[in-house]
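The next block holds one structure in the form of structure tokens; read it before the comments.
The values are calculated or read from the model by the stated rules, or taken from the named source; none is laboratory data. Bear in mind the structure is a predicted one, so any value in this text is a computation, not a measurement. All Cβ positions, even for glycine, are placed from backbone atoms using ideal geometry, and neighbour counts span all protein chains on display.
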Amino acid sequence: MSLIRKTAAELGALVASREVTAVEVTQAHLDRIAEVDGRVNAFLHVDAESALAQARSIDERIAAGETLGPLAGVPIAHKDVFTTTGMPTTAGSKILEGWRPPYDATVTRRLREAGLVILGKTNLDEFAMGSSTENSAYGPTHNPWDLSRIPGGSSGGSSAAVSAYEAPLSTGTDTGGSIRQPAAVTGIVGMKPTYGGSSRYGVIAFASSLDTPGPFARNVLDAALLHEAFSGHDPLDSTSIDAPVPPVVEAARHADVAGMRVGVVKEFGGEGYQPGVLARFNEAVELLESLGAKVVEVSCPTFSYALPAYYLIAPSECSSNLARFDAMRYGLRVGDDGTRSAEEVMALTRAAGFGPEVKRRIMLGTYALSSGYYDAYYGQAQKVRTLIMRDFEAAFQQVDVLVSPTTPTTAFPIGERADDPMAMYLADLCTIPTNLAGNAAISVPCGLADEDGLPVGLQVMAPVLADDRCYRVGAAVEKAFESRWGGPLLSRAPAL
Amino acid sequence: MSAITRDEVAHLARLSRLALADDELDHFAAQLDQIVGAVARVAEVAADDIPPSSHALPLTNVFRPDVVRPGLTPEGALSGAPAVEDDRFRVPRILGEEE
């Protein structure tokens with residue numbers, strides 16, 4: 001089997017045992033990128049020279065007898081919202097074109113410390129705002145299952161890179177579903193850890209109370225290995241949880257749901273859901289039952305208001321966070337001809353540097369926070385957030401995990417929702433409650449929809465700091481489905 | 001709840017420091033009106049006695065010992081600046097002619 005088809009765990013073991021060098025593994029992925037990325041557009045920046053240098057250094061350390069971690073020498077695609085020294089960081093925006101950050105994000109630093117080889121930076125919706133990568137200032141990424149369709153978003157470059165075998169692993173950030181939704185529509189695994197379980201330091205901020213870095217991989221164990229490699233307490237992030245990383249790798253190896261209580265969220269389904277998505281979801285629920293899980297229906301009535309609450313809270317936080325792009329200290333500056341004031345230059349720069357979705361959200365947030373509207377919009381949304389957290393608490397007294405489809409539909413065609421913000425926002429219907437409540441959730445493949453032959457994701461939600469339950473259930477579902485399918489779902493994707 | 005008018009968008013754009021073109025004002029007015037109409041649904045939830053949550057986790061202030069740690073060098077801090085002069089960020093004029 002070619003190196004690019006192997007799992008991250010296999011590649012790490014091959015490199016550690018010196019059966020294959022990290023340089024060979026890296027070169028195989030660079031070749032794949034050269035072959036397919038012209039059509040996929042997963043990467044905004046590929047640094048072959050730096051990747052090969054990183055790989056050589058891993059090979060040298062292993063040759064010298066050093067024992068490195070399980071992912072040493074494994075290539076990774078890194079979402080272009082994490083700061084990286086030595087590589088540009090754009091957040092998919094023209095306002096940061098060509099910017100080279102003076103420091104590494106904590107996640108970046110931990111990838112380097114784990115010996116992962118960073119191949120380059122992946123495309124995303126501008127400032128991680130979107131569900132399709134169409135909001136990138138650098139052109140959309142294409143879904144490897146069908147190049148005319150979206151790969152999800154905002155971390156669509158990362159989901160496409162992994163599903164196109166350009167990298168075995170990638171990073172993402174999930175503010176309203178930006179890891180789970182792209183994973184679902186590209187047929188791979190994506191995990192949103194508990195909020196505060198992975199560091200936001202050096203992640204270009206969108207909505208600070210929601211932003212959560214997490215892993216993408218082609219299987220549950222690889223996702224767990226990456227989760228463990230970059231998570232854990234970080235004193236540089238004031239909302240980082242000072243607690244051990246949940247035992248995610250052990251859980252991924254313990255694919256057993258016998259006796260677990262699984263709740264099906266009643267509110268997710270019906271109108272707006274594609275029949276083929278619901279059919280695959282119902283099969284996954286039946287599968288869990290056949291594996292010994294006790295399935296019950298659970299009602300979370302406030303979840304119906306999660307989407308409107310999110311589209312008040314997230315834009316409010318973004319309008320504040322993006323005030324830092326002021327054309328003074330870094331990034332784009334437009335119109336500074338010696339006659340204009342700083343404020344005029346600022347307004348011209350922001351108008352030229354931000355795309356339409358970012359402008360919409362900044363203005364929506366500014367509106368929601370305005371005097372006279374604050375209580376009715378932002379204040380009320382925060383109260384709804386409390387009620388959503390209470391719905392989760394009540395549900396998790398009855399069950400160990402909750403399940404739902406990850407997305408209401410499969411990947412939609414590029415362009416279909418591009419100028420219809422409300423239609424685009426619906427892609428995150430099932431993923432948003434978890435962000436508002438801060439708990440953990442994973443998306444794992446559960447089959448192809450009959451209508452279009454495109455991947456469907458099963459979402460598994462667990463309580464705060466019970467991330468391991470997502471991996472345990474995810475691994476059990478993966479194992480059972482793969483034995484039914486005769487291999488991973490992704491092996492059924494058309495060749496690129 | 002008031003609908004979002006073109007004038008309102010112009011006001012929001014000014015507050016947001018976005019120099020929008022005229023055609024953008026019309027486009028955004030229609031879209032923001034639709035979005036605000038949809039998110040206003042939060043008002044349907046009876047939540048008078050419910051405390052607001054700014055955050056998912058119970059958080060208190062985080063403190064650390066006040067010790068000197070390495071930070072960015074002046075070169076690092078200025079490395080992405082649009083304009084630099086004498087180890088400082090060079091910015092357009094901040095005060096108006098009359099001030």
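Brief remarks on what is shown
- Residues that are basic (Lys, Arg) and over 23 Å from residue A:150 (Cα atoms), drawn from segment A:167-224: A:200
- Count - residues of segment B:17-49 that are in a loop (DSSP other than H, G, I, E, B) and either among the hydroxyl-bearing types (Ser, Thr, Tyr) or surrounded by fewer than 17 Cβ atoms within 10 Å (Cβ to Cβ) (or both): 4
- Among the residues of segment A:335-358, those identified as buried (at least 20 other Cβ atoms within 10 Å of the Cβ) and in contact with a Leu (Cβ under 8 Å, 6 or more places away or on another chain) are A:347, A:349, A:350, A:353, A:354, A:358.
- Of the residues in segment A:55-73, not one is closer than 29 Å to residue A:349 by Cα, among the polar types (S, T, N, Q) and part of a loop (DSSP other than H, G, I, E, B).
- Boolean, residue A:460 is of a type in the set (Val, Ile, Thr), part of a strand (DSSP E or B) and touching an Asp or Glu at 6+ places or on another chain (Cβ under 7 Å): no
- Residue ranges of helices (runs of 4 or more DSSP H) in segment A:365-440 with at least 1 members touching a residue at least 60 places away in the same chain (Cβ under 8 Å) and of a type in the set (Asp, Glu): A:380-398
- Taken over segment A:7-52, the criterion of being among the charged types (D, E, K, R) and either under 21 Å from the mean Cα position of the chain (by Cα) or part of a helix (DSSP H, G or I) (or both) is satisfied by A:10, A:24, A:31, A:32, A:35, A:37, A:39, A:49.
- Qualifying residue in segment A:12-20 (condition: under 19 Å from residue A:170 (Cα atoms), in contact with a helix residue (DSSP H, G or I) (Cβ under 7 Å, 6 or more places away or on another chain) and touching a residue at least 60 places away in the same chain (Cβ under 8 Å)): no
- Scanning segment A:297-309 for residues that are facing another protein chain (nearest Cβ under 9 Å) and touching a residue at least 60 places away in the same chain (Cβ under 8 Å) yields a count of 5.
- Residue pairs meeting the criteria (Cβ under 8 Å; at least 6 apart or on separate chains; first in contact (Cβ under 8 Å) with a residue 60 or more places away in the chain, in segment A:319-330; second charged (D, E, K, R)): A:325/A:350
- Qualifying residue in segment A:341-363 (condition: without any contact (Cβ under 8 Å) to a residue 40 or more places away in the chain and more than 9 Å from chain B (Cβ to nearest Cβ)): no
- Whichever residue in segment B:21-38 is aliphatic (A, V, I, L, M) and under 21 Å from residue A:376 (Cβ atoms) and, among such residues, is farthest from the chain's Cα centre (by Cα): B:38
- Residue in segment A:427-443 that is within 13 Å of chain B (Cβ to nearest Cβ), β-branched (Val, Ile, Thr) and within 24 Å of the chain's Cα centre (by Cα) present: yes
- One residue stands out in segment A:276-300 among those that are in a helix (DSSP H, G or I) and in contact with an Asp or Glu (Cβ under 7 Å, 6 or more places away or on another chain): the one that is nearest to residue A:480 (Cα to Cα), namely A:279.
- Boolean, residue A:204 is at pLDDT 95 or above, away from chain B (no Cβ under 14 Å) and crowded, with 24+ Cβ neighbours inside 10 Å: no
- All told, residue B:51 meets the bar of being within 10 Å of another protein chain (Cβ to nearest Cβ), without any contact (Cβ under 8 Å) to a residue 24 or more places away in the chain, touching a helix residue (DSSP H, G or I) at 6+ places or on another chain (Cβ under 8 Å) and not polar (S, T, N, Q).
- Residue A:405 being away from every other protein chain (no Cβ under 14 Å), at pLDDT 95 or above and in contact with a Phe, Trp or Tyr (Cβ under 6 Å, 6 or more places away or on another chain): yes
- Verdict on residue B:77 being in contact with a strand residue (DSSP E or B) (Cβ under 9 Å, 6 or more places away or on another chain), part of a helix (DSSP H, G or I) and either farther than 29 Å from residue A:364 by Cα or not basic (Lys, Arg) (or both): yes
- Residue within segment A:184-193 that is polar (S, T, N, Q) and either assigned to a loop (DSSP other than H, G, I, E, B) or under 30 Å from residue A:319 (Cβ atoms) (or both) present: no
- Yes/no for residue A:330 being under 18 Å from residue B:19 (Cα atoms), over 24 Å from the mean Cα position of the chain (by Cα), within 8 Å of another protein chain (Cβ to nearest Cβ) and at pLDDT 95 or above: no
- Look at segment B:1-21: where a residue is facing chain A (nearest Cβ under 7 Å) and a partner is assigned to a loop (DSSP other than H, G, I, E, B), sitting 6+ places away or on another chain with Cβ atoms under 7 Å, you get B:13/B:20.
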